[in-house]
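Data first, discussion second: the structure below is written as structure tokens.
The values are calculated or read from the model by the stated rules, or taken from the named source; none is laboratory data. Being a predicted model, the structure only gives us computed values, none of them experimental. In this analysis, Cβ positions are derived from the backbone assuming ideal geometry, glycine residues included, and neighbour counts consider all displayed protein chains. Please note that ligands, DNA and RNA were not included when accessible areas were found on the heavy atoms of the full protein model with its side chains. Shrake-Rupley method; radii C 1.70, N 1.55, O 1.52, S 1.80 Å.
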Amino acid sequence: MLDLNSDKSIYIQIAEIIENDILMGHLNEEEQSPSTNQFAKIYQINPATAGKGLNILVDEGILYKKRGIGMFVAEGARKKIIKKRQSLFFKEILPNIMEEANRLEITKEEIAEFVEEYKGGE
């Protein structure tokens, strides 16, 4: 869902919405992505803003353009997104979590125990 109050740019959020749809299986390889006009209508945003989000994914090889038809999910898109997000997780998110855990005096063992309990609840 688009958050107009977020510090994150709208076009970045559009790209993440599509990535999430691919990761969750709502959009599969070779399926057509929603168009810039569809995003503009649904979220009441400028089509150029939506287009910027879609073009980010084209540049990353996650979507590709079929001239005159629209944008489609590229082969291997899901794997590319997973690889990109895993890298982000290990380089940016996890270090912040570990810093906060250290401030709160949470041990690695406690974190591991929580992770195991959480995995059991899936």
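Quick notes on this one:
- Members of the range 5-33 that are touching a residue at least 24 places away in the same chain (Cβ under 8 Å), under 17 Å from the mean Cα position of the chain (by Cα) and assigned to a loop (DSSP other than H, G, I, E, B): 27, 28, 29, 33
- Which numbered condition residue 36 misses (of (1) modelled with pLDDT of 95 or more; (2) of a type outside the set (Gly, Ala, Ser); (3) in contact with a strand residue (DSSP E or B) (Cβ under 9 Å, 6 or more places away or on another chain)): (1)
- Of residues in the range 34-77 being part of a helix (DSSP H, G or I) and over 21 Å from residue 2 (Cα atoms), the one least open to solvent (accessible area, probe 1.4 Å): 77
- Residues in the range 1-12 that are modelled with pLDDT under 90 and open to solvent by 40 Å² or more (accessible area, probe 1.4 Å): 1, 3, 4, 5, 6, 7, 8.
- In the range 87-115, the residues that are surrounded by 10 or more Cβ atoms within 10 Å (Cβ to Cβ) and among the aliphatic types (A, V, I, L, M): 88, 93, 94, 97, 98, 101, 106, 111, 112, 115
- The set of residues in the range 13-33 being surrounded by fewer than 14 Cβ atoms within 10 Å (Cβ to Cβ) and either among the β-branched types (Val, Ile, Thr) or farther than 12 Å from residue 78 by Cα (or both) consists of 31, 32.
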